[in-house]
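K.L.:
Structure provided below as structure tokens; questions to follow.
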Amino acid sequence: MGKVHCTLSLSTRIVTLMTVASFIPRLRGLLARVETRALLLWAGAAGATWGFLHLAAEMREGDTTTIDRQLLLALRMPGDPADPIGPRWFEESMRDVTALGGVTFLTLATITAVICLLFHGKRRHALVFGATVLAAQLSTELLKGYFDRPRPTLVPHGSYVYSQSFPSGHSTLSAAAFLTLAAVVSNLERTRRAKVFVFALAIVITVCVGFSRVYLGVHWPSDVLGGWALGSMWALAALIVLDRIARPAGPQG
């Protein structure tokens, strides 16, 4: 009886593996279709929108206060909130990293990228990239004024600040700019390895910028999460447009 049960169990596993194996090529073909990619992009944009709105509601109700305080203090020396963890050179490095999400650097980077794209005849790509960064900046300023969340006073600030706290402007702009730029490069690049590299680099920079804002004590963690969600919304919107630009024209008739 035991041998029969083992044989049936093995047979069931083999059938399951064969079914999965036969489904993989179909899944690859489905993901290769433009319509599927478009739907996934729309779903991602909707998810980012929902995530931002949900987080904003939680923040306004004060539900993020406890975790915000715990995470902020976790990056400070025990018993001395004025001293960030790590050596002095690391703290200075975080100031350098945080500048990558600042208005000055990203304005210069955006202008440079737009000019380069125009030089190469990619006018629509240049327009999408420039418009996305501008939209991210304007939406951030409007939302900061709307939510009017004060900056953290739990620890001393490691960088100068002059606006409200939610959402984080550095996190929003870095996500929108670097992810959209990666999408533009990926849209023009043919090799898969290069596509993966530019997106991985964009994500690493975006995460580092957001971390630096909390490390320097100028933002609550929920500010950074909100900025990432908002910036991702704009980047996904740009990706949808770029995907449409890259779509081959249909038959004329």
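K.L.:
How do the pairs read when you match residues in segment 227-252 that are over 22 Å from Glu189 (Cα atoms) with residues anywhere that are among the hydroxyl-bearing types (Ser, Thr, Tyr) and modelled with pLDDT of 85 or more, using Cβ under 6 Å and keeping only pairs 6 or more apart or on different chains?
P.N.:
Gly227/Ser168; Gly227/Ser171; Gly227/Thr172; Trp228/Ser171; Leu230/Thr172; Gly231/Thr172
K.L.:
While we're here: Check whether at least one residue in segment 235-243 is at pLDDT below 90 and charged (D, E, K, R), and report yes or no.
P.N.:
yes
K.L.:
Would you check which residues across segment 135-174 are under 17 Å from the mean Cα position of the chain (by Cα), closer than 15 Å to Val209 by Cβ and assigned to a loop (DSSP other than H, G, I, E, B) and list them?
P.N.:
Hits for segment 135-174 are Pro167, Ser168.
K.L.:
Would you point out which residue out of Tyr215, Tyr160 is surrounded by fewer than 19 Cβ atoms within 10 Å (Cβ to Cβ) and within 25 Å of Ala82 (Cβ to Cβ)?
P.N.:
Tyr160
K.L.:
What are the residues in segment 120-153 that are within 20 Å of His54 (Cβ to Cβ) and buried (at least 17 other Cβ atoms within 10 Å of the Cβ), if any?
P.N.:
If the condition is that a residue be within 20 Å of His54 (Cβ to Cβ) and buried (at least 17 other Cβ atoms within 10 Å of the Cβ), then Ala136, Ser139, Thr140, Leu143, Lys144, Arg149 are the ones that fit.
K.L.:
Now a separate question. Tell me, please, whether a residue that is within 27 Å of Ala202 (Cβ to Cβ), loosely packed, with under 15 Cβ neighbours inside 10 Å, in contact (Cβ under 8 Å) with a residue 24 or more places away in the chain and of a type in the set (Val, Ile, Thr) can be found in segment 82-104.
P.N.:
Checking segment 82-104: at least one residue is within 27 Å of Ala202 (Cβ to Cβ), loosely packed, with under 15 Cβ neighbours inside 10 Å, in contact (Cβ under 8 Å) with a residue 24 or more places away in the chain and of a type in the set (Val, Ile, Thr).
K.L.:
Quick one: count up the residues across segment 214-245 that are of a type in the set (A, V, I, L, M) and not in a helix (DSSP H, G or I).
P.N.:
Qualifying residue count for the region: 2.
K.L.:
Here is a further query. Only residues that are assigned to a helix (DSSP H, G or I) and among the polar types (S, T, N, Q): list them for segment 175-207, please.
P.N.:
Thr180, Ser186, Asn187, Thr206
K.L.:
Moving on. Out of curiosity, is Phe211 at pLDDT 90 or above and assigned to a helix (DSSP H, G or I)?
P.N.:
yes
K.L.:
Can I ask one more? Among the residues of segment 70-81, write down those that are at pLDDT below 90, surrounded by 11 or more Cβ atoms within 10 Å (Cβ to Cβ) and not aliphatic (A, V, I, L, M).
P.N.:
Pro81
The values are calculated or read from the model by the stated rules, or taken from the named source; none is laboratory data. All values derive from a computational prediction rather than experimental measurement. Note that we place each Cβ from the backbone using ideal geometry, even for glycine, and neighbour counts take in every protein chain shown.
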